[in-house]
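Below is one structure, written out as structure tokens; the observations come after it.
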Amino acid sequence: MELAGARIHITGVVQGVGFRPFIFGLAQRMELTGWVRNSTGGVDIELDGTVEMIARFADSIRTEHPPLAYIDQLDMTPRPPNGFTGFEIVASLPTADAFQPVSADITICPDCLRELLDPNNRRYRYPFINCTNCGPRFTIIQDIPYDRPNTTMSSFPMCPDCLREYQDPLDRRFHAQPIACPECGPHVWIELPGDGSSPVAPSDQETIGYAREQLKMGQILAIKGLGGFHLACDATNESAVAELRRRKLRVDKPFAVMVTDAGAAARHCWLDKSEQALLESRERPIVILRRRQRSAIVSEVAPGQQTIGLMLPYTPLHQLLLEPAAGFPDALVMTSGNLCDEPIAYTNDEARERLAPLADAFLLHNRDIYIRCDDSVMRSIADIEEADEPGTGESSVSRPYPLRRSRGYAPFPVMLPWELPPILAVGAELKNSFCVARSHYAFLSHHIGDLENYQTLRSFEKGIAHLESLFRLTPEIIAYDLHPNYLATRYAKDRSGSQGIDAYGVQHHHAHIASCLAEHQHSGERPVIGVAFDGTGYGDDGALWGGEFLVANYYGYHRAAHLRYVPLPGGDKAIREPWRTGLAYLVQADVDSAESFFT
């Protein structure tokens, strides 16, 4: 049959997810010739074959791609055949100004977990086992294309066995950039505060065993994880949890808890199918669950709360730390490794300096984290929907709702219904995250935290620089919150003035409503009624707004109704202690008419 040729370019999350070996295997199966490569802008393919087989090849890419891949666009251009004699994977091609989405960090996959616990496997109980289907991504990437020299694994030369797997297109670890084994990869060790780099335990296994003994004895450990440090202790030990609260200066804010598996989660909390699916998802977020009265997790973990934030182990190190054993707790506090209001520690030196007063020992490793990334927090909420047929009642569907979108999700983009020039939106003051937009992508950052101190501001600035570099973006517009004293607003105005970038202030509650429109792919042609009850935002009139009914689209809004202005007892303190605001409204309310609450 007569040969034809084609050139294919694919954009989306298509690097670091096993895409090239998938293309290699697919081409061999269909007896096509040519090559595939990574580029800064995605994946490029050149093919020779029949017209029919090339069309089937393109269809199969869309329907059979690896589970971690996400195809945004596949462009195919016919061309004359090149006379290829085989199919190969060729070297990556950096391209000026091109960019692509980056994969988030992914929990250990079932294949790697099976190997981790197999005594006959050469990576048996190795705390950094990974493959193309799992492991660190965003937290170790320094630049694109996503190749090992552009990650923090570049300092670990591969041993012959790992190199053979890395170069075999049919191996599960083909071009798995964090590939490692006990012979050539990172290792863990224990340090005591003030001891410098002298390890207490000489091997990975002895180190993990020592850490488990310390946790069982009620000690507090600083544990280096995927995106930063956790402070860990036995969640069933009342004195250990109370001591962690005292050291961390955390009066009553809940601690996150890591449990061994979904069975342990069900012993401590009520767990429905949607919540279990969220717990066990590849993103492995913290999930807010209803606490069982008989749970052995002490109440000091979440004082005054009827819920607990649970997560499952998401790295091989966590799997080994929480391995079930007689006398070892099935639940560990795993809270962010920081003092109250500081960013999470993510380098060994930073942990030694900042966490020494908080931890009895350090569980460290030498795989560097390039960008810090806190755990994500999710909740499964039942949406009440109308039944398909009248008279049959209501049905409820549970959906995941993000409370903090970070590890496992960032920096996966929101797809916009239109293209944008390069934009940086710096976000607000509390629970800050920022966004960079280019083309039809809006890349949401990892969780930054409350922008109220120098350390968090530096983390914010590094995060912006990193995402702008990854996505080859120099902003033409900076969007900022109207509040003049927010550090993010000051950053935006200073950068606008020094670099000549157009800057625009956006009202806080209008930003929330516009975000909902974008999340749901709304065109913005017709206005919506947006209701924003999220606290305070600086208003157009110079007053603090909160409780807004806006008729809005992307371009503007009309303030249709709002809660009446009242003095805020204690000023900013009323924002953190909402009972003060409630009391102010009770004092001023006309109890004869609920309508007097609104103007």
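The values are calculated or read from the model by the stated rules, or taken from the named source; none is laboratory data. Every value quoted in this text rests on a predicted model; they were computed, and no experiment measured them. A quick note on method: Cβ atoms are made from the backbone with ideal geometry, for glycine too, and the neighbour counts reach across all protein chains shown. To get the accessible areas, we keep the full protein, side chains included, count just its heavy atoms, and leave off ligands, DNA and RNA. Shrake-Rupley method; radii C 1.70, N 1.55, O 1.52, S 1.80 Å.
With the cut-off at 1.5 for a/c, could you classify the range 466-562 from its C-alpha gyration tensor as rounded, prolate or oblate? Before the final figure, lay out the partial values.
Details: a/c = 2.34, a/b = 1.41, b/c = 1.66.
Judged from the Cα gyration tensor, the range 466-562 comes out oblate (a/c at least 1.5, b/c at or above a/b).
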Between Ser274 and Tyr70, what FRET efficiency follows from the Cβ-Cβ distance if R0 is 35 Å, with the result rounded to 0.05? 0.95
Consider a paramagnetic label point 7 Å from the Cα of Asp502 along Cα→Cβ; state which residues of the range 442-458 have an amide N under 20 Å from it. 442-443
√(5λ) per eigenvalue of the Cα gyration tensor, the range 256-338, largest first, Å: 18, 15, 13
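Placing unit charges on C-beta atoms (Lys and Arg positive, Asp and Glu negative, everything else neutral), compute the dipole magnitude of the range 495-599 about its Cα centre in debye, rounded to 20.
Values: 7 positive and 12 negative charges, 48 e Å.
Result for the range 495-599 is approximately 220 debye, rounded to the nearest 20.
So, R0 is 35 Å and r is the distance between the beta-carbons of Asp59 and Arg399; what FRET efficiency does that work out to, to 0.05?
Numbers: r = 31 Å, r/R0 = 0.88.
Using R0 = 35 Å, I get an efficiency of 0.70.
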Computed over the range 1-146, protein heavy atoms only, probe 1.4 angstrom, the accessible area per residue in square angstrom equals 41 Å²
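Over the alpha-carbon set of the range 124-256, divide Rg by the Kirkwood Rh and report the Rg/Rh ratio to two decimals. All intermediate terms of the calculation are to be shown ahead of the outcome.
On the way: Rg = 18.1 Å, Rh = 17.2 Å.
Looking at the range 124-256, the ratio lands at 1.05.
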For Leu444, Leu26, give the ranking by accessible area with the largest first, probe 1.4 Å. Leu444, Leu26
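Just reorder Tyr314, Tyr554 by solvent-accessible area, largest first, 1.4 Å probe, all chains present. Mind showing how you got there, number by number?
Numbers: Tyr314 10, Tyr554 40 Å².
If we order Tyr314, Tyr554 from most to least accessible, we get Tyr554, Tyr314.
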What accessible surface, in Å², does a 1.4 Å probe find on Met158, ignoring ligands, DNA and RNA and rounding to the nearest 10? 50 Å²
A student asked for the Cα radius of gyration and Dmax of the range 285-325 in angstrom ought to give 12.1, 33
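What's the magnitude of the charge dipole for the range 40-111 around its Cα centre, counting Lys and Arg as +1 and Asp and Glu as -1 at the beta-carbon? Answer in Debye, nearest 20.
With only Lys, Arg, Asp and Glu charged at Cβ, the dipole is about 100 debye.
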For the charge dipole of the range 493-588, defined by +1 on Lys and Arg C-beta atoms and -1 on Asp and Glu C-beta atoms about the Cα centroid, which residue among Leu568, Ala511, Val551 has the Cα displaced farthest towards the positive pole? Leu568
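If each residue of separation counts as 0.36 nm, what is the full-extension length gain between Lys493 and Glu183 once their alpha-carbon separation is subtracted? Before the final figure, lay out each step's value.
Numbers: separation 310, 0.36 × 310 = 111.60 nm, distance 5.05 nm.
Answer, rounded to one decimal: 106.5 nm.
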How high is the FRET efficiency between Asn485 and Cys340 when r is their beta carbon distance and R₀ equals 25 Å, given to the nearest 0.05? 0.75
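Largest first, how would Tyr555, Tyr70 line up by accessible area (1.4 Å probe)?
Numbers: Tyr555 180, Tyr70 95 Å².
Sorted by accessible area, descending: Tyr555, Tyr70.
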What distance in nm lies between label points placed 7 Å from Cα along the C-beta direction at Arg294 and Ala262? 2.1 nm
Could you work out [θ]222 nm for the chain from helices alone, using -39500 (n - 2.57) per DSSP H run of at least four and dividing by all its residues? Round to the nearest 500 deg cm²/dmol. -7500 deg cm²/dmol
Identified option (computed semi-axes √(5λ) of the Cα gyration tensor in Å; candidates (1) 41, 35, 24; (2) 57, 33, 22; (3) 72, 32, 24): (1)
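Express the accessible area of the range 307-466 per residue in Å², computed with a 1.4 Å probe while the remaining protein chains stay in the model. List each step's numbers first, then the result.
Details: 6290 Å² over 160 residues.
It amounts to 39 Å² per residue over the range 307-466.
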Top positive-direction residue, dipole computed over the chain with Cβ charges, set Val36, Ala242, His187: Ala242
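Of Lys493/Lys573; Lys253/Lys431; Lys253/Lys573; Lys431/Lys573; Lys462/Lys573, which pairs sit farther than 24 Å apart, going by alpha carbon to alpha carbon?
Lys493/Lys573; Lys462/Lys573
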If amide H atoms are built 1.01 Å from N in the plane of the peptide, which residues on other chains or at least 5 residues away come under 5 Å of the amide H of Gly530? Leu550, Val551, Ala552
In the chain, which Cys residues have no partner Cys with a Cβ closer than 4.7 Å? Cys112, Cys131, Cys162, Cys181, Cys233, Cys269, Cys340, Cys373, Cys435, Cys516
Return a whole-number percent for the relative contact order of the chain, with Cα pairs under 8 Å and 6 or more residues apart as the contact set. 10 percent
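Between Thr474 and Leu430, 0.36 nm times their residue separation minus their Cα-Cα distance comes to what? Numbers along the way, then the final one.
Working: separation 44, 0.36 × 44 = 15.84 nm, distance 2.54 nm.
Between Thr474 and Leu430, full extension yields 13.3 nm more.
How big is the dipole moment of the chain about its Cα centre under a simple scheme where the beta carbon of each Lys and Arg is +1, that of each Asp and Glu is -1, and everything else is neutral? Debye, nearest 20, please. Mind dumping the intermediate values first?
Numbers: 56 positive and 76 negative charges, 212 e Å.
I would put it at about 1020 debye.
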Proximal lysines to Lys224, defined as alpha-carbon separation beneath 18 angstrom and excluding residues fewer than eight positions away on the same chain: Lys248
Could you tell me the distance between the Cα centroids of the range 42-82 and the range 217-263, to the nearest Å? 48 Å
Separation between Cα centres of the range 1-39 and the range 134-211, rounded to whole Å: 29 Å
On the accessible surface of the chain, probed at 1.4 Å, how many percent belong to carbon and sulfur atoms? 52 percent
